[in-house]
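Undergrad: I have a structure here, written as structure tokens, and I will follow up with some questions on it.
The values are calculated or read from the model by the stated rules, or taken from the named source; none is laboratory data. Since the structure is predicted, the reported quantities are computational estimates derived from the model, not experimental observations. We place every Cβ from the backbone using ideal geometry, glycine too, and count neighbours over all the protein chains shown. Ligands, DNA and RNA are excluded from the accessible area calculation, which covers all protein heavy atoms including side chains. Shrake-Rupley method; radii C 1.70, N 1.55, O 1.52, S 1.80 Å.
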Amino acid sequence: MTTTNTRKCTIEDLDILREISVETFKDTFEDQNSPENMKTYLDRAFNLKQIEEELVNEFSEFYFLYLNEDIVGYLKLNTNDAQSETMGHDSLEVERIYVRRKFHKQGLGKFLINKAIEIAREQNKDKIWLGVWEKNENAISFYKKMGFVQTGAHSFYMGDEEQIDLIMTKILD
């Protein structure tokens, strides 16, 4: 029998969090970006010091996704001043949601979004939001199915290349 669950990450998880962050980001975006921009981004966003700062931020939370005993993905949530855009204290941002490639198409992304919604409700948030690359059509379609709508856009820098992320929001009832 397969069990799926999450566990909140702690500072002791720093190395494995960095490893899965780099792996899943590269798997998702490496084919659409130059090697130089990918390296620049990975070195900046996923160095140990940066991840440690994010892990100890009181307004950010990371969760590992487990399928049985294996870590197969992770989730990063932000509230208050940790949000990458000023969205207010009634919002929770899903900054990162990644599942390892070989575990795609098993409903695990839906599991993680539902976890984010559960946490948002526990924290009395009115909405959750995320940024998704405008060229990531599969993800955009998935978020629409999960009840998100586009409410804006912002710039995301992959190395020296400016890209556009769609801001998608889901109002919680």
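Undergrad: Which numbered condition trips up Ala120, out of (1) under 17 Å from Thr24 (Cα atoms); (2) within 15 Å of the chain's Cα centre (by Cα)?
TA: With (1) under 17 Å from Thr24 (Cα atoms); (2) within 15 Å of the chain's Cα centre (by Cα) applied to Ala120, the lone miss is (1).
Undergrad: Answer yes if at least one residue in segment 10-18 is closer than 20 Å to Val132 by Cβ and either surrounded by 14 or more Cβ atoms within 10 Å (Cβ to Cβ) or under 16 Å from the mean Cα position of the chain (by Cα) (or both), and no otherwise.
TA: No.
Undergrad: Identify, please: which residue in segment 155-173 is open to solvent by less than 30 Å² (accessible area, probe 1.4 Å) and out of contact with any Phe, Trp or Tyr (no Cβ under 7 Å at 6 or more places or on another chain) and is, among those, farthest from Arg101 (Cα to Cα)?
TA: Looking only at segment 155-173, we keep the residues that are open to solvent by less than 30 Å² (accessible area, probe 1.4 Å), and these are 158-159, 163, 165-169, 172.
Still in the running and out of contact with any Phe, Trp or Tyr (no Cβ under 7 Å at 6 or more places or on another chain): 166, 172.
Values: Leu166: 23, Leu172: 29 Å.
In this case the residue turns out to be Leu172.
Undergrad: Can you confirm whether segment 53-60 contains a residue that is aromatic (Phe, Trp, Tyr) and crowded, with 20+ Cβ neighbours inside 10 Å? Even if it seems obvious, please write down each step before you answer.
TA: Taking segment 53-60 as the starting set, the residues that turn out to be aromatic (Phe, Trp, Tyr) are 59.
From what's left, crowded, with 20+ Cβ neighbours inside 10 Å: none.
No - not one qualifying residue is present in segment 53-60.
Undergrad: Further question on the same structure: Within segment 150-173, work out how many residues are under 30 Å from Arg121 (Cα atoms) and assigned to a strand (DSSP E or B).
TA: Number of matching residues: 15.
Undergrad: Any chance you could count how many residues in segment 65-84 are buried (at least 19 other Cβ atoms within 10 Å of the Cβ) and among the hydrophobic types (A, V, I, L, M, F, W, C)?
TA: Qualifying residue count, segment 65-84: 4.
Undergrad: I need the full set of residues from segment 28-60 which are of a type in the set (Gly, Ala, Ser) and within 16 Å of the chain's Cα centre (by Cα), in order please.
TA: Within segment 28-60, Ala45, Ser60 qualify.
Undergrad: Identify all residues within segment 85-100 that are open to solvent by 60 Å² or more (accessible area, probe 1.4 Å) and either under 16 Å from Leu17 (Cα atoms) or touching a Lys or Arg at 6+ places or on another chain (Cβ under 6 Å) (or both); write none if there are none.
TA: Glu95 - this is the single residue of segment 85-100 that is open to solvent by 60 Å² or more (accessible area, probe 1.4 Å) and either under 16 Å from Leu17 (Cα atoms) or touching a Lys or Arg at 6+ places or on another chain (Cβ under 6 Å) (or both).
Undergrad: Here are the criteria: (1) in contact (Cβ under 8 Å) with a residue 12 or more places away in the chain; (2) within 26 Å of Ile11 (Cβ to Cβ). Tell me which single one Gln50 does not satisfy.
TA: (1)
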